[in-house]
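The values are calculated or read from the model by the stated rules, or taken from the named source; none is laboratory data. It should be emphasised that the depicted structure is a prediction, and the values quoted were computed from it without experimental measurement. Note: ideal-geometry Cβ built from the backbone for every residue, glycine included; neighbour counts use all protein chains shown.
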Amino acid sequence: MNMDSPQYEIFLKEPALMESSYGRKKYVKTVIFRADNPAKMIEEIKSNMKLLSNE
């Protein structure tokens with residue numbers, strides 16, 4: 001399997017439990033990934049941040 005290099009890295013405030021496809025579980029502190037549509041993803045994140053800051 002050929003993997004592209006990640007575009008984004010998100011640092012979590014608290015570790016989150018991750019379960020792999022093989023059933024292994026572990027806590028992670030960061031999430032790294034590539035987005036199919038990076039501009040739309042950033043737009044959605046900014047929109048959600050505005051909504052959360054207004055609450």
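Filter the stretch 19-46 for residues that are outside any strand (DSSP E or B) and of a type in the set (Ser, Thr, Tyr); which is farthest from Ser5 (Cα to Cα)? So that I can check it myself, show each step before the final result.
Looking only at the stretch 19-46, we keep the residues that are outside any strand (DSSP E or B), and these are 20-24, 34-46.
Those left that are additionally of a type in the set (Ser, Thr, Tyr): 20-22.
Numbers: Ser20: 20, Ser21: 21, Tyr22: 23 Å.
Among residues in the stretch 19-46 that are outside any strand (DSSP E or B) and of a type in the set (Ser, Thr, Tyr), the one farthest from Ser5 (Cα to Cα) is Tyr22.
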> Using beta carbons and a limit of 9 Å, which pairs, at least six apart or on different chains, have the first residue in the stretch 19-46 and under 12 Å from Glu9 (Cβ atoms) and surrounded by 10 or more Cβ atoms within 10 Å (Cβ to Cβ) and the second one acidic (Asp, Glu) and at pLDDT 95 or above?
Replying inline: Lys29/Glu14
